[in-house]
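The values are calculated or read from the model by the stated rules, or taken from the named source; none is laboratory data. Quick caveat: nothing in here was measured; it's all calculated off a predicted structure. Here the Cβ positions follow ideal geometry from the backbone for every residue, glycine too, while neighbour counts run over all protein chains shown.
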Amino acid sequence: MRPQRFDQAKPFLTLALVALAWLFVPAVAKRFLRASFYEIQAPVEVTADRVRALQEFWVLKTHTNNELIAAGRETAAALARYELWAQQQEQLAAENARLNSLLSVPPLPGWRYEHARVLQRDFTAWWQQIVIFKGRNYQIPVGAPVVFAGGVVGRVREVGAYTSVVELISSPGVRLAAFVVGDTRPMVYQGGENPAFGSARGQAENVPVDVVATPAAPCRLITSGLGGVYPPGLPVGELVSAELGADGLFKTGEVRLNPLLARLQEVSVLVRLAPEEGMALTPALP
Amino acid sequence: MTRRRRQILALLLGNYLLIAVTSQVNHAFSPWQLRLSLGGLLVAPATLSVGFRAGATVAFLTGLLLDATAPVWFGTHALLLLAAHAVLYSQRSGLAREETVVAVVAALLANLGIWLALAFFLGASLSLPGSAAVRLLAELGCSQIVLALIGPWFFSLQVRLLTMAGAKLRPDEF
């Protein structure tokens, strides 16, 4: 009969042995395991999304004909406005291309929009990420920027067979270079504070001392294009405060992010095109 | 298939279901920046109802499921759940395991332990640990309340799954 002390220690000895063995498992094996366990869970997210879509469908089916007619009129009006803007956009793009050719400016890299439905949102104090319903099946690359109507969403962190994980700009540790609209001096945006029952926020560092921002008169932040991940001119958020730092050279401030970031349902992944493949994306400046 | 393997599969199926449901609830709660964490409930039923090796396998594999979708070092949740299993298993002979209240309290304590360990390991990645503490405490409070509410249902589900798999322990095996 084994002594009782050994029986009591057995769980902890096993734990120590497993932990030690796990440290020596090759990285390739861990990567394979991670991908396998990730793909095992993907069908659940897809099925849940399908159920939600069905739920929305039946909710819409309860609308009366009069409500549908009114919605149709609003949609027609919006469509007419967008058609006009699309024509203006084409004219501007043509003008831009003509001026670039006159000045012999090398073409900017082009982007392809890949629209994707958000399957799952996972927001903790440590990370903020979403899972989207497009992956290797649509040639989504790791590191691709992701945007929505309100601006930057984040960048693709992981790509699965038919889903991808996107790290949001509200995630702590995410950093990108940004400008205040109308200024060309870059500052550093960093995701950070995400209080419970509130909207996500970030921090701005290296803010020039002459930039003044208050909650009543915030400054809009846009991507600078530095670093090569995000195209320039995409909205990031609003700088709502700017206080002089301890060094006296720069200010630090708080950035209010778009509250819709926490309710995302559709996003667009920007996939970089080869120079010969397409025109440069000209993001709409706010 | 051996009885132990059937136990592992049945318990893993239950845990997979709980992870799926929790992820959907977290999706719905995301506009409020709130996330439930029910790690203790993933460990306690296996620890209290099957042998050490089967329970350890369930805890480790369930942890890997959690690790696969989280941006953490692969193995963090697996080793934490295994540690919670080891601690709970070493104390289980002194517990009235067949009592649901005792099992739920054990799950609550395991959840608290896992959460504290996770906060300790991941806390360094937060840029503003002070303000984040309020959020973490709010999440912990909500998680514990939800765990206490759904704990009896989940323990019952796991027992039913074990019975269906023909792998439930007899009373004399406890």
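Side notes on the structure shown:
Residues checked against (1) buried (at least 21 other Cβ atoms within 10 Å of the Cβ); (2) assigned by TED's automatic domain parsing to the domain that holds A:Gln129; (3) of a type in the set (Val, Ile, Thr); (4) over 13 Å from A:Val236 (Cβ atoms):
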residue: A:Val174; (1), (2), (3), (4): no, yes, yes, no
residue: A:Gly182; (1), (2), (3), (4): no, yes, no, yes
residue: A:Val188; (1), (2), (3), (4): no, yes, yes, no
residue: A:Pro195; (1), (2), (3), (4): no, yes, no, yes
residue: A:Ser199; (1), (2), (3), (4): no, yes, no, yes
residue: A:Val211; (1), (2), (3), (4): no, yes, yes, yes
residue: A:Cys219; (1), (2), (3), (4): yes, yes, no, no
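- Residue selected from the range B:71-85 under the condition more than 7 Å from every other protein chain (Cβ to nearest Cβ) and in a loop (DSSP other than H, G, I, E, B), by the criterion surrounded by the fewest Cβ atoms within 10 Å (Cβ to Cβ): B:Trp73
- Which listed residue is assigned by TED's automatic domain parsing to the domain that holds A:Asp183, surrounded by 17 or more Cβ atoms within 10 Å (Cβ to Cβ) and under 14 Å from A:Arg185 (Cα atoms), from A:Gly237, A:Gly233: A:Gly233
- Single condition B:Ile145 does not satisfy, out of (1) modelled with pLDDT of 85 or more; (2) touching a Ser or Thr at 6+ places or on another chain (Cβ under 7 Å): (2)
- Among (1) closer than 23 Å to B:Trp32 by Cβ; (2) buried (at least 17 other Cβ atoms within 10 Å of the Cβ); (3) away from chain A (no Cβ under 11 Å), the one test that B:Ala132 misses: (3)
- Members of the range A:139-153 that are within 13 Å of A:Glu266 (Cα to Cα) and in contact with a Pro (Cβ under 9 Å, 6 or more places away or on another chain): A:Val147, A:Gly150, A:Gly151, A:Val152, A:Val153
- Here A:Ala97, A:Ala149 are screened, and the one residue that is surrounded by fewer than 22 Cβ atoms within 10 Å (Cβ to Cβ), out of contact with any Gly (no Cβ under 6 Å at 6 or more places or on another chain), among the aliphatic types (A, V, I, L, M) and farther than 29 Å from B:Gln33 by Cα is A:Ala97.
- For the range A:163-185, the criterion of a residue being over 30 Å from B:Ala133 (Cβ atoms) and in contact with a Cys (Cβ under 6 Å, 6 or more places away or on another chain) is satisfied by at least one position.
- Count of residues meeting criterion [more than 8 Å from chain B (Cβ to nearest Cβ) and assigned to a helix (DSSP H, G or I)] in the range A:12-30: 9
- Within the range B:86-103, tally of residues that are surrounded by 20 or more Cβ atoms within 10 Å (Cβ to Cβ) and either closer than 23 Å to B:Gly75 by Cβ or modelled with pLDDT of 95 or more (or both): 3
- In the range A:162-250, counting only strands (runs of 3 or more DSSP E) that sit wholly within it, the ones holding 2 or more residues that are over 14 Å from the mean Cα position of the chain (by Cα) span A:175-180, A:187-191, A:201-207, A:219-223, A:235-244.
- Residues of the range A:126-138 that are more than 10 Å from chain B (Cβ to nearest Cβ), over 13 Å from A:Val271 (Cα atoms) and part of a loop (DSSP other than H, G, I, E, B): A:Phe133 alone.
- Of residues in the range A:100-113 being modelled with pLDDT under 85 and within 29 Å of the chain's Cα centre (by Cα), the one surrounded by the most Cβ atoms within 10 Å (Cβ to Cβ): A:Trp111
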